[in-house]
Amino acid sequence: MKKYLGIDLGSKSLGLAISTSGIIANSYQTLYFKEDNYHDAAHIINELIKSEGFTDIVIGLPKHMNNDLGIRGQISVDFKTLLEASNPEINVVLWDERTSTKAALKTLIAGKQTRKKQKNKKDEVAATIILQNYLNYKEKNNYEWKHNDFN
């Protein structure tokens, strides 16, 4: 059975979402690591893969509106490579996340969340949006992204 992990990768946080059904994404948690230490962040994810049995990882790919990658996008590409090196059996996918954080904040504001709660929850809500968008696309197109696909 497939088990999905969605990741919103920040400079010092990992917003996480999960799906065991392959249909609905659920907010999971936000984990923190030392700023810009993506090897530690990968170690955290590797431990989750082992303990939780994730089969598919969906990492948000921040692109500029003109479709360029930029520095943050390249960090996500490099993070994907780190995860694949440690987990060759896992399907790791990059998914366009251009508006996920903005949508997450809108959702939290609409839910009348305090600013403190918005700050604490925005990464995992963004991860949920990223993962849900991937699952919707996969379901609609009856398609499973593979290691070599790049969007």
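The values are calculated or read from the model by the stated rules, or taken from the named source; none is laboratory data. This structure is a prediction, so every number in the text was calculated from the model and none was measured. Using ideal geometry, Cβ is built from the backbone for each residue, glycine included, and neighbour counts are taken over all protein chains shown.
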Hey, does the range 55-66 have a residue that's more than 16 Å from L131 (Cα to Cα), touching a strand residue (DSSP E or B) at 6+ places or on another chain (Cβ under 8 Å) and among the aliphatic types (A, V, I, L, M)?
-> no
Among the residues of the range 6-18, is there at least one that is among the β-branched types (V, I, T), surrounded by 13 or more Cβ atoms within 10 Å (Cβ to Cβ) and at pLDDT 95 or above?
-> yes
Output for Cβ contacts, cut-off 8 Å, separation at least six or different chains, first residue under 15 Å from K2 (Cβ atoms) and free of Cβ contacts under 8 Å to residues at least 12 places away in the same chain in the range 44-62, second assigned to a loop (DSSP other than H, G, I, E, B) and of a type outside the set (A, V, I, L, M, F, W, C), reads none
Across the range 19-52, which residue is surrounded by the fewest Cβ atoms within 10 Å (Cβ to Cβ) among those that are among the small types (G, A, S) and modelled with pLDDT under 95?
-> S21
Determine if the range 117-128 includes at least one residue that is modelled with pLDDT of 85 or more, crowded, with 17+ Cβ neighbours inside 10 Å and touching a His at 6+ places or on another chain (Cβ under 9 Å).
-> no
Qualifying strands (runs of 3 or more DSSP E) (wholly inside the range 1-44; at least 3 residues being over 11 Å from the mean Cα position of the chain (by Cα)) = 26-32
Looking at I71, is it over 14 Å from the mean Cα position of the chain (by Cα), closer than 20 Å to Y134 by Cβ and exposed (fewer than 15 other Cβ atoms within 10 Å of the Cβ)?
-> no
